[in-house]
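Note sheet for the following structure.
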2 protein chains.
Amino acid sequence: MGKLYVVPTPVGNLEDMTFRAIKVLKEADLILAEDTRTSGILLKHFEIKNAMQSHHKFNEHKTVESVVNKIKAGETVALISDAGTPEYPIRVFW
Amino acid sequence: MGKLYVVPTPVGNLEDMTFRAIKVLKEADLILAEDTRTSGILLKHFEIKNAMQSHHKFNEHKTVESVVNKIKAGETVALISDAGTPEYPIRVFW
């Protein structure tokens with residue numbers, strides 16, 4: 001069984017990123033981002049080059065099954081929101 | 001006029017430290033720590049070697065005037081608690 005990490009990100013100042021958030025994102029097999037454009041800036045800033053996939057309330061019903069299957073298969077998935085802490089991982093995934 | 005920074009620190013995992021917190025602490029003329037032993041571990045971990053002074057509710061009445069004078073003289077002071085965000089800087093300082 002893999003893992004789903006819910007990772008908080010800065011709400012305004014990129015330097016409010018934590019070391020642990022970077023570590024988790026760099027180790028993830030897949031990063032699910034609410035807004036890939038915003039998160040792209042963050043990930044680039046911290047040289048995080050892992051696979052990123054759009055994941056938000058308008059597309060989650062299409063992708064959640066494949067994401068759950070990845071986790072069941074042992075992959076590590078990290079969920080980030082536009083800014084701050086993702087609010088709805090449990091509703092989305094289980 | 002100097003500055004007083006209220007700096008949150010990790011509550012359990014040192015890797016939850018932010019880049020901005022490290023930057024502010026490294027630039028401070030004086031770090032006021034609620035518990036110098038606990039904070040010593042944190043500061044050592046991040047190679048922060050700035051002056052640190054004990055500052056808590058049992059000694060603040062003795063030291064607050066000198067701290068305020070330092071800030072008035074243009075120094076930068078950073079306040080950290082044992083863990084998390086310091087709760088009472090305003091009561092202490094003004």
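The values are calculated or read from the model by the stated rules, or taken from the named source; none is laboratory data. Quick caveat: nothing in here was measured; it's all calculated off a predicted structure. Reconstructed Cβ throughout: ideal geometry from the backbone, glycine too, with neighbour counts over all protein chains shown. Areas reflect the complete protein model, heavy atoms only, side chains present, ligands, DNA and RNA absent. Shrake-Rupley method; radii C 1.70, N 1.55, O 1.52, S 1.80 Å.
The figures follow:
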{"item": "Using a 7 Å Cα-to-Cβ projection, A:Asn13 label spacings across copies, nm, ascending", "result": "2.2"}
{"item": "Heavy-atom surface of the protein assembly as shown, accessible at 1.4 Å and reported per residue (Å²)", "result": "59 Å²"}
{"item": "GNM flexibility winner over chain A from A:Leu25, A:Leu42, A:Leu14 (Cα, springs under 10 Å)", "result": "A:Leu14"}
{"item": "Calculated from backbone phi, Karplus (6.51, -1.76, 1.60) coupling profile of the stretch B:24-32 in Hz, x at Gly/Pro", "result": "5, 5, 5, 9, 6, 6, 8, 10, 9"}
{"item": "Environment charge at A:Lys26 (Cβ cut-off 9 Å; Lys +1, Arg +1, Asp -1, Glu -1)", "result": "0"}
{"item": "Chain A, relative contact order in percent, only Cα pairs under 8 angstrom and at least six apart counted", "result": "48 percent"}
{"item": "Rg followed by Dmax, in Å, when the protein assembly as shown is reduced to its Cα trace", "result": "20.3, 63"}
{"item": "Selection from B:Phe46, B:Pro10, B:Ile71 lying farthest towards where the dipole of the stretch B:3-80 points positive, charges on Cβ", "result": "B:Ile71"}
{"item": "DSSP bridge pairs, chain B: antiparallel proportion in percent, nearest 5", "result": "10 percent"}
{"item": "Angstrom value of the Kirkwood radius, inverse mean 1/r, which spans all Cα pairs in the stretch B:3-80", "result": "12.7 Å"}
{"item": "CD proxy at 222 nm, helix term only [per DSSP H run n ≥ 4: -39500 (n - 2.57); per residue of the protein assembly as shown; nearest 500]", "result": "-11000 deg cm²/dmol"}
{"item": "Residue closest to axis [chain A; rotation mapping onto B; Cβ; Å]", "result": "A:Thr18, 3"}
{"item": "Euclidean distance between Cα centres, the stretch B:6-39 to the stretch A:54-87, Å", "result": "33 Å"}
{"item": "Area buried, chain B against chain A - accessible surface, total, 1.4 angstrom probe, square angstrom", "result": "900 Å²"}
{"item": "Where GluC sites (Glu not before Pro) fall in DSSP loop in the stretch B:56-90, at most 11 other Cβ within 10 Å", "result": "B:Glu87"}
{"item": "Teacher prompt: B:Asp82 distances to equivalent labels in other copies, 7 Å Cα→Cβ, nm", "result": "3.9"}
{"item": "Inter-probe distance in nm under a simple model that places probes 7 Å from Cα toward Cβ, at B:Thr38 and B:Phe58", "result": "1.4 nm"}
{"item": "1.4 Å probe, heavy atoms, protein only - residues of the stretch A:15-47 losing at least 30 Å² accessible area vs chain alone", "result": "A:Glu15, A:Asp16, A:Thr18, A:Phe19, A:Arg20"}
{"item": "Beta bridges per DSSP with both ends in the protein assembly as shown, % antiparallel, nearest 5", "result": "10 percent"}
{"item": "Neighbourhood net charge (13 Å Cβ-Cβ; Lys/Arg +1, Asp/Glu -1) for A:Asn59", "result": "-2"}
